[in-house]
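Before we start, here is the structure in question, set down as structure tokens.
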Amino acid sequence: MKLIFNALIKYIMGLVLVGVLLFLPAGTLVYPGAWLFIALLFIPMLFMGIVLFIKSPALLEKRLDVKEKQGAQKGVIALSGLMFPIGFILSAIDFRFGWSSVPLWLVIAASVLFSVGYGAYAEVMRENAYLSRTVKVQENQRVISTGLYGIVRHPMYLATLLMFLPLPLILGSLWGLIPFALYPAVIVVRILNEERVLTDGLDGYKEYKAKVKYRLIPFVW
């Protein structure tokens, strides 16, 4: 019951926060891009939470833990904590004053890309029971090298790139792309720090790095 309550509270708080960051600066509830994004994000999130609670409550508990202990990662989280609100607010203000216009086909393409990223994110959670929102080596943790982890070493971060980079286009804003353009740099810093932690503390991770060459994007990096 404690886990259900914690998950439900964070879900509702997230929904309310996103609503405030989008509808308040937009000055209206008639903001189609905001409703589209909320549907794309929170409807799958609800079903994913239910599935995790039934099949893997321990993983759900890890995903709710956001208390980062790594110093470098605290900076990454703080930067993300600024980037997302600024991106939401700027996109909403853009919609309010009509600074830019995103064609329907691009909104649809961005929505599809977001959904593909969300699907990849769900697959990563299915493959990796050690998946945590904080960087640490867990007790009895082992290296996962199959599925998406056999293609790149950090498929979860690739999934979030697919989700978050097109997000302003879903909201109907070109100006919102500016703060979200920082996200790849944030991910790179997080990955480099995370790999140092895993290399030092997780048995077999050095061999895994030799086997799977690319961190984030196949044939690129």
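The values are calculated or read from the model by the stated rules, or taken from the named source; none is laboratory data. From a predicted model like this one, the values you see are computed outputs, not experimental measurements. Reconstructed Cβ throughout: ideal geometry from the backbone, glycine too, with neighbour counts over all protein chains shown.
Could you tell me whether L158 is under 17 Å from F219 (Cα atoms), touching a helix residue (DSSP H, G or I) at 6+ places or on another chain (Cβ under 8 Å) and surrounded by 18 or more Cβ atoms within 10 Å (Cβ to Cβ)?
yes
Search the range 101-130 for residues being outside any helix (DSSP H, G or I) and modelled with pLDDT under 95, and hand back the single one that is surrounded by the fewest Cβ atoms within 10 Å (Cβ to Cβ).
Among residues in the range 101-130 that are outside any helix (DSSP H, G or I) and modelled with pLDDT under 95, the one surrounded by the fewest Cβ atoms within 10 Å (Cβ to Cβ) is S101.
Is it true that L162 is at pLDDT 95 or above and aliphatic (A, V, I, L, M)?
no
Inside the range 166-212, can you point out the residues that are among the hydrophobic types (A, V, I, L, M, F, W, C), without any contact (Cβ under 8 Å) to a residue 40 or more places away in the chain and under 19 Å from G81 (Cα atoms)?
Selection gives L177, A181, A185, I187, V188, I191.
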